[in-house]
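Reviewing the structure listed below.
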Amino acid sequence: MSWKPLRVLTPRSILPALAVMLVLAAGAAAHANKPVPFGDRVAGPGDAEATPVNSQSLSAADLELKVGPGLEAYHRQTGEQAWSYRREGATALYLAMAGENAIVLWDDGLVTSVRPGDHEVRWHRAVPGLADWLRGDGEPGADKRTDEQRKQLAQERAAAALHTVQKDSPWVAVVTPNLTTGLRDLDGDLRYNSRPPGNCVYDPMRTVGTDYAVLVPRSCLGSNGQPVSGGITGYRLDSTGWALNAGPAVQIKALDGSRVLISDGPIVPPKVFDTKAAAPEVACGSPSAPFAAVHPQGACTDPAAAPTADATPTTPTPATDQPSAQPSVQPSAPATDQASAPATDQPQP
């Protein structure tokens, strides 16, 4: 700008100031028309804008939550719609609760956390590769699927991918064949990011969660393309994770909030693992029972008890789904705070 009086300013000297003003005006207009981040829209009944809700007046227990096409909330007492949360161009596929918060998985690979009491969208997190796996594009027979089959496949895979852990500080695990991630529900912070080693892939369809951990099996192929032994990785946020050796077709079944039954084929006996103690449950009658970290649940028959003359001889009866041998456990590094590198609690295939 010239230091001359304004009345003698030339058009050339005024151009820089005009340019700055035009840029600022354009920026203000763009900001005013900027779309809501992630396409979020929270609406009340009748598609009107949702009014603020006192977080003390409602809770997750007061509402019935459903998914499709977004997250829909209804008053339990009256059945009337309280509010809906939708995202432009995306469809909600699956819902899980993490404490008092609703975790929603969308078909575009985004995961969001919503507080039902005041319908606040708390955080968003995109998971790489999730949308592609949900759609199943490029898989054998994918081009022959009907729209209904594609929808059903996406819903089934979404339910297998999303897991919430409730105890202590709730957190969220998202599992895909090539990546598993852990998100802290408090703020959506990424706590670990783990990829399978070598010629291995994670199996979300066999993944099981408990109140304390998420157990993710993986399948591996040898150099000849044939299945070889894989493993199970246990993920926790509050302590060290662990790794278990397992065959390629291992199955996991949750027994309660902390224990899982691991079945690894007809030859290897089933094993019970306690995810709270991060240790195997010892079998009834095992010599190591007095020193075990996790004792059998339920009553075990005393093997020293002599049968009566008219009684049929019996053997000690283990509690339901109790193992006869301990699983092979490998110590591992903590699964927490792995933001970019694969988690270190992976056994070698």
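Bear in mind these aren't lab numbers, they're just calculated from the coordinates by the rules spelled out. Here the structure is a predicted model, which is why all the values come from computation and not from measurement. FYI the Cβ positions are ideal-geometry reconstructions off the backbone, even for glycines, and counts take in every protein chain you see.
Among the residues of the stretch 69-126, those identified as over 22 Å from A154 (Cα atoms), out of contact with any helix residue (DSSP H, G or I) (no Cβ under 6 Å at 6 or more places or on another chain) and among the polar types (S, T, N, Q) are Q77, T78, N101.
Scanning for something assigned to a helix (DSSP H, G or I) and either over 21 Å from A102 (Cα atoms) or within 13 Å of the chain's Cα centre (by Cα) (or both), does the stretch 161-183 turn up at least one residue? Scanning the stretch 161-183 turns up at least one residue that is assigned to a helix (DSSP H, G or I) and either over 21 Å from A102 (Cα atoms) or within 13 Å of the chain's Cα centre (by Cα) (or both). Quick check on the stretch 257-267: of everything there that is over 23 Å from the mean Cα position of the chain (by Cα) and surrounded by fewer than 17 Cβ atoms within 10 Å (Cβ to Cβ), which residue is farthest from T207 (Cα to Cα)? Across the stretch 257-267, the extreme among qualifying residues is I267.
Consider the stretch 78-101 and keep the residues that are closer than 17 Å to R125 by Cα and touching a Pro at 6+ places or on another chain (Cβ under 6 Å). The one that is surrounded by the most Cβ atoms within 10 Å (Cβ to Cβ) is A98. Filtering the stretch 192-204 to residues that are of a type outside the set (S, T, N, Q) and more than 12 Å from V250 (Cα to Cα) leaves Y192, R195, P196, P197, G198, C200, V201, Y202, P204. Out of the residues in the stretch 193-202 meeting the condition of being out of contact with any Gly (no Cβ under 8 Å at 6 or more places or on another chain) and over 20 Å from L110 (Cα atoms), tell me which one is surrounded by the fewest Cβ atoms within 10 Å (Cβ to Cβ). Per the stated criteria, the residue is G198. Taking L190, is it surrounded by fewer than 24 Cβ atoms within 10 Å (Cβ to Cβ), without any contact (Cβ under 8 Å) to a residue 40 or more places away in the chain and under 20 Å from L110 (Cβ atoms)? Criteria not met by L190.
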